[in-house]
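Student: One structure follows; several queries about it will come next.
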Amino acid sequence: MTKLEFPGSALTTDQWTQVNQLATSLSHEQAIWISGYFAGLSHRARAGAAAAEIAELAPPSQAGVAGAAATRLLTVLFASETGNSKTLAKALVDKAAAQGIQARLADMAEYKTRGLKDEQDLLVITSTHGEGDAPQTAVGFFEFLESRKAPKLPQLRFAVLALGDSTYEKYCEAGKRVDRRLEELGAQRLADRVDCDVDYEDAADAWISTVIADLAPAAQAPVSAPVAATALSGAPSLAAFDKKHPFQAAVIDNIVLTGRGSTKETRHIELSLADSGLIYQPGDALGVVPRNDPALVDAILEKLSLSADAPVTVKQGTISLGEALSGTFEITALTPRFLDLWAEITGSDELQALRAPDQKEARAAFQHNHHILDVVGRFPAPGIDAAKFVAGLRPLQPRLYSIASSLAAAPDEAHLTVSTVRYTLHDLPRTGVASGYLAARTEADATVPVYIQSNDHFHLPDDDVPILMIGAGTGVAPYRAFMQEREARGASGRSWLFFGERNFRSDFLYQVEWQELIKNGVLSRLDLAFSRDAAPKTYVQDRLRRQGRDVYAWLEEGAYIYVCGDSAHMAPDVHAALTEIVAEHGGLDRDEAGAYLSALQRDRRYRLDVY
């Protein structure tokens, strides 16, 4: 190991060696915790003498409070579907450490619930999955928290940041559930819960600042990061490209995978990451920053009788309305924010009625069946100006796609498997925002703004561990990456793929590749379900049941299960099939079979990537 020397350092050579050895063995989360731990030690060492003097002069009750505040440990607990909660939690821990607060980062997926009774200060950041559900990886924590097993928590101080999407009726419901339950268990509120829409950054930053100020030791000046934490940053730095600053990836290839006669269009898109510094693991996602369909932009401008050149003010400054509608704002989905604004602007009795508290179902149905274009066309607002219109829009958000390649097989590249969303609504053709954007990026010099979104809960196990991969449609994408990685590494673990689509002839995605992997022994088994080829329809869950005895045997031999695809139907149907398989072949009743699968989830052997 190269010896590191830092002029003026107070550490001996042996101490530097020990610190360096420790630093190179730490994960990112552990490094953050250690940073906060040493910052707290530093603060107490500097403040020790003064604190002793204060304790002698202060009344006993005040001295006790001061001592307690200085030694309380903060836990930042997160649950995430797309990585936003995790990113915010890491930022919170960094800021806490800079203020001399001892803080640790914890993922709900791995959190030991028996330790909840010993927590002192708890900050929870959680997203909501679908209509009010907990993120898939956090289901176990929610079940415990909302059960009779959860302990009373009178010693706990807490605050909750909830992330969600206001187009769903049960907006931020997972965060609300945690907030409500902690209060029921007797915990003391540090700050009010804050509910954040998809444009969460400003509200989240304000919440973080508030809770850090409440938790920071009294009269404590910000503590700089320890010298060792800065000096030992010799490891390769993270790429400069992220969600806010994406990399312009050149399109290498953009082809239609589905064959003639298919009822859908699925594309294989290859992007170059050369010179970006971006790296990923199989199972990670690629964030795509799309632009809206130019035809939709023109249609909205025409309906509003507004000029594309009209200036509007956004966070980045003043830009034209045309550019704002193309790349800054979401202009397809009808959100409650826009519906409220348009009801006020137009004075429409129909829109006003939808705002009533008892009209949630009618409002949700209206939002589902109308886009912004439909509303501005059906409820005109003559003379509206550009600034008033964009006030009801929310920022255009990136979309995440499972990466269908491994860097071991395709260096400096990321491959995507994308189903192009096309449909008709109110007799007008519609296209998915991101899938339509990607489908159109076929010109020779095309680029796509991208970044890497890690998916820690969907990575491969050790090379000798067997894996069961279950996917439908584009849900097969990460499994292509898995097999490329295992082939490159010469992995010995068995691999079994269950894949489902509509028709064998037109929709067998990556057929030649799977057949080659079977031939070479990289893929051990392949079971296929093509639902439109015969009656009754056959899906992946039906193939699972048919192979139930062997599926259960693989699980008993330590196999990991991966499920990728539709969260509304496919994932629940697969779970039901697995429950039946475990019950039948394990000689268990339904509750015991459910507990078996729950144990697999807790052990991270049952992994989901659903959307």
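The values are calculated or read from the model by the stated rules, or taken from the named source; none is laboratory data. Since the model is a prediction, treat every value here as computed from it, not as a measurement. Methodologically, a virtual Cβ is constructed for each residue, glycine included, from the backbone with ideal geometry; neighbour enumeration extends over all protein chains shown.
Student: When you scan the range 510-611 for helices (runs of 4 or more DSSP H) that lie fully inside it, which ones turn up with 2 or more residues that are under 20 Å from residue 495 (Cβ atoms) and not hydrophobic (A, V, I, L, M, F, W, C)?
Tutor: Because the criterion is at least 2 residues that are under 20 Å from residue 495 (Cβ atoms) and not hydrophobic (A, V, I, L, M, F, W, C), the helices (runs of 4 or more DSSP H) in the range 510-611 that meet it are 511-519, 540-546, 548-556.
Student: Tally up the residues in the range 365-423 that are more than 26 Å from residue 307 (Cβ to Cβ), buried (at least 16 other Cβ atoms within 10 Å of the Cβ) and not β-branched (Val, Ile, Thr), please. Can you show your working first?
Tutor: Initially, the range 365-423 is screened for residues more than 26 Å from residue 307 (Cβ to Cβ), giving 365-369, 397-423.
When the remaining residues are screened for being buried (at least 16 other Cβ atoms within 10 Å of the Cβ), the result is 366-367, 397-407, 409-410, 413-420.
Keeping just the survivors that are not β-branched (Val, Ile, Thr) gives 366-367, 397-402, 404-407, 409-410, 413-416, 419.
Residues in the range 365-423 being more than 26 Å from residue 307 (Cβ to Cβ), buried (at least 16 other Cβ atoms within 10 Å of the Cβ) and not β-branched (Val, Ile, Thr): 19 in total.
Student: Go through (1) surrounded by 15 or more Cβ atoms within 10 Å (Cβ to Cβ); (2) not in a strand (DSSP E or B) for residue 498 and report which single condition fails.
Tutor: (2)
Student: Quick one: is residue 355 modelled with pLDDT under 95 and over 27 Å from the mean Cα position of the chain (by Cα)?
Tutor: Numbers: modelled with pLDDT under 95: yes; over 27 Å from the mean Cα position of the chain (by Cα): yes.
For residue 355, the condition - modelled with pLDDT under 95 and over 27 Å from the mean Cα position of the chain (by Cα) - is met.
Student: Consider residue 191 carefully, then state whether it is at pLDDT 90 or above, crowded, with 19+ Cβ neighbours inside 10 Å and touching a strand residue (DSSP E or B) at 6+ places or on another chain (Cβ under 8 Å). Don't jump to the end; show me each part of the working.
Tutor: Details: at pLDDT 90 or above: yes; crowded, with 19+ Cβ neighbours inside 10 Å: no; touching a strand residue (DSSP E or B) at 6+ places or on another chain (Cβ under 8 Å): yes.
No.
Student: Could I ask something else about it? For residues that are over 22 Å from the mean Cα position of the chain (by Cα) and surrounded by 14 or more Cβ atoms within 10 Å (Cβ to Cβ), tally how many sit in the range 114-143. Don't jump to the end; show me each part of the working.
Tutor: First, the residues of the range 114-143 that are over 22 Å from the mean Cα position of the chain (by Cα): 114-121.
Now drop any that are not surrounded by 14 or more Cβ atoms within 10 Å (Cβ to Cβ), which leaves 116, 119-121.
Matching residues across the range 114-143 total 4.
Student: From 451, 437, grab the single residue that is under 24 Å from residue 278 (Cβ atoms), assigned to a strand (DSSP E or B), among the hydroxyl-bearing types (Ser, Thr, Tyr) and under 23 Å from the mean Cα position of the chain (by Cα). If you could, list the steps in order and put the result at the bottom.
Tutor: Working: 437 fails: assigned to a strand (DSSP E or B).
Criteria check complete, one pass: 451.
Student: Would you list the strands (runs of 3 or more DSSP E) that sit entirely within the range 254-326 and hold 2 or more residues that are within 29 Å of the chain's Cα centre (by Cα) and either surrounded by 17 or more Cβ atoms within 10 Å (Cβ to Cβ) or aliphatic (A, V, I, L, M) (or both)? Write out each step before concluding.
Tutor: Numbers: elements: 266-272, 285-288, 311-314, 317-320.
Result: 266-272, 285-288.
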